[in-house]
Structure formats: C-alpha cells, structure tokens
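Notes follow the structure.
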Amino acid sequence: MVKDENITVGQNLKRIRKELELKQYSITGGKITRNLISLIENDKTPLYEDNAKIIAENMNSNAMEKNMNIYIEPEDILDPKRYDAKKDADVYIEGLRKRLDDNHLEIRPEELQKVELFLNNWNLSDKKIIIYELWADMYYKARDFENEHMYLTKAWEYSFMYPKRKGNYRIISNLISNCINSGKYEEAIRLGNLGLLSQKNLTDNDKKVFHYNNALAYSYLNKFDDGLRELAIAKKYNLNANDKLERKILVSEGFCYVKKGEYGKALNAYNLALKMLNDKRSYDELYLLYVDFMEIFVIQKNEIKVTEYLNHILHLLSNLNESPFYMIRLYLEIADAYFFLKEYDSSEEYLLKALKTARINDEKDLHSKILLKLFNLYIEKNEIKKIDDLMEELIQEVSNIQKDDRFVLLLNLILYNKEEKIKDFVQKILNKGGKQK
C-alpha cells in the first residue's frame, strides 16, 4: 500500500476519524473539547497519551454501535507507522478471506513465520485474533483439526484482551465444534458451560448454539438423557421454523431417542424436522434426514421402508455436495442399506466407490472403516479371491496401527495358539471388544 512517510500524529488522527466516518464531537466523550481535536488534527497542539486513550475509547464505542469489527488503540493514533501496519494486516486478512472462498487452503510454514514476525514486531494483538481465526478456518476446511485447534486456542487467548469484542463468541463456539470433531467431548462440554457463563450479551440464538453443542458432545459420550436435557433447554430459545439450527436440534433429539430404543419418539422428531424443511432444494439436509429414517427402519427390519428411503437418497445423489469426505460417508450409507437388503453386488459397488474416493483424497480415518466393510461383505458372499486381492492393502492398514504392548501381546497370543484354536480365540476378542460401528 502507498504510505505517506511524513504524516504527522494530527494528520493520522484525522485519517483514522475520517475512515471511521466520525465527526470531531463524537470522539470527545465529553472529557475533551471538539476545539482540542481540531487543534490536534491541524498540528497546532500535541496529542498526549491520556487524550489519545479517551479518543480511542470513543472511536471504539462508535465503531461498536455501527457494528464495525475494528479496534483502535491509543498507539494506533500516536504512531502513524503502526496504523499503516494495521492497514497492511487488513490487506492480508482480505487475501485470506478470498483464499477461503476460493478453497485455496495451503498455508506454507514460511508464510506463518513471516506473518507471526510482522504481528509481533508491531504488537498487533487485535489483528492476531482475526488472522488466527482465518488460519483456523482454513485448517478446518482442510480437515486438519489439530492445527485448527491450535490457532483457535491462540485466538481465544488474545480475545481476553478485548472483552467487548463482538466476535469473541464465534471463537469459543468454533473451538467447541473442533473438540467435538476431534473426539474431545468432555472438553467441548466444559467449554460450552464456560461460554454460557463468561460470554456477556449472548443472544438467544447464541445460547441455543451452546446448548446444542453440549447435547452433541453428551450424545457422543452415550449420555443420551443429558443430551436430551440440553436440547430441551435449547428449544426454549427463539424458536423459528425456518431456522436450520432448529432442525439440527430436532435431528439430534431423534438420534438420542434412537440410541435409547424409543423409535416412535425418534420418528416424531425426524418428521417435525422434515416438515420444517420447506425448501426441498436443501438436498444435503434432506439426504441426512432420509438416512436417519432409514437407520430406524433397518433396526426394525422393515425392508419396504428401507427400500423407499434408499430410493429417495439415490434420487438426490446428483444434487448433493461433492466434498470428498461427504461423498464417502454417503457411499457408505448406501452400501449399508444394500447390505441389509442382501443386494450384495450393489453394496460392493458403493463400497468400492467410497474406497476409490478415500484413496484419491487420502482420507485415512475412513480408509480402514471401508476395508472392514468390504472384508465383511466378501466373507458374507464367501468370495475368498476378492479378500486375497485386498490382502496387501489390508495388511498395510493393520501394519500402520501403533504397536503398543497390548497389540504385540495380542499378536503373540495368536501365534501361540494352535491353528484349530485361532478362530475361536480371535472371535472371543472381537466379541469382548463390542460391535463394530
């Protein structure tokens, strides 16, 4: 950006005021005069730190009233070069937002180091919050939850320096979602309760989000009654039939009832969500609801209903979000339905589609899940040749398991058992470990 190297403190004050579209009288706060502001801006009198603090406070109050996400510090007014540095940070921030929109998610270590050095050099704590949030968003879209967590935590730590900042709620909310995505459910609940207690001026919708996320975390911990309690609280806030969050609350309610074996209540919740979904072009939401219905009918062994909802899903297939992670999960749901219907060739078709997509996009977390389903399918079909064809990939997947003492002990016990006893031995271990999801 073009900078005037000779700009004075007074000229800098005027520049900032004009950019915020503020009149001179609006930054006095009743503690200094408009005439003094005029004298400072025209370099007739110096600006002292005490007055700079008053002016900065009033600028920030006006910015908040205008819903402007900006924070002026006394140093920004007193040091024109520091304010220039903030403007440079804003240019970088806009670039990050464009990269997010365009799905350009790579962040090189050199970039991180260079930007951190710049921010530290000028002590731009307010810009750190925004940049860390955007880096976290990029890592989230890249499904790198570890780095997302790190930068959200950094943003949250710096947000305590700006307690009145309106965006602070978003940071802790995203941090909670990250914990849920990473399996840190207890931490998610702790943060949710902390957010409800510590965040001032929460809207009803904000509170609803916190309680919804708490419910999600409880459901993943198999504490379904606790989850239903949180959802009941969430439903008290700002109910809106056109609200996507309201539909998500109903879907979560249905999920909890399914896990409790209360299928009638689950179907009621899902039907309410479906009724709210007036816009039939919300294909992703519609697909997820159809999957939820189908899960209940599989449990109830209702082949007619499973077939009905499977056909609904197949009809939507071409209209769905094509993100790799999303499509893999979709293929798995379709494969499971076909497996239940004993249409094994169709089940295999969608498992192979899922496996191909997982390989191309290096979705390691889902790779072993798909291989296990294929293995079980080939066992069911007694297709030993196909298991042999997969054997190298199966061995590679198992060999990547972290080999702790328990795992090594298991392998040695398998080797120790005589051949005729191995099958019974392994089956006992699998039964002890519970059902695979």
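Here are the numbers for the structure shown:
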{"item": "Long pairs among Lys259/Lys369; Lys81/Lys128; Lys141/Lys248; Lys244/Lys353; Lys154/Lys207; Lys164/Lys207, criterion Cα-Cα beyond 26 Å", "result": "Lys244/Lys353"}
{"item": "Positive-end extreme of charge dipole, the chain - chosen from Trp122, Leu36, Tyr139 (charges on Cβ)", "result": "Leu36"}
{"item": "Between helix 224-234 and the chain: long-axis angle, C-alpha atoms, 0 to 90°, nearest 10", "result": "40 degrees"}
{"item": "Ranked list, fewest to most other Cβ atoms within 10 Å of each Cβ, for Val291, Val306", "result": "Val291, Val306"}
{"item": "Acute angle (nearest 10 degrees) that the helix 263-276 long axis makes with the longest principal axis of the chain, alpha-carbon atoms", "result": "50 degrees"}
{"item": "Leu124, Leu191 arranged by Cβ crowding within 10 Å, fewest neighbours leading", "result": "Leu124, Leu191"}
{"item": "With Cα atoms, 0 to 90° folded angle of helix 405-416 axis to the chain main axis", "result": "10 degrees"}
{"item": "Label-point separation, Glu392 to Arg281 (7 Å along Cα→Cβ), nm", "result": "4.8 nm"}
{"item": "Distance (nanometres) between label positions extended 7 Å along Cα→Cβ at Glu21 and Asn193", "result": "4.5 nm"}
{"item": "Average projection area in nm² (convex hull over Cα atoms of the chain, one quarter of hull surface)", "result": "27.3 nm²"}
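FYI, it's all coordinate maths here, none of it is from the lab. Remember, predicted model here, so these are calculated numbers, not experimental data. We place every Cβ from the backbone using ideal geometry, glycine too, and count neighbours over all the protein chains shown.
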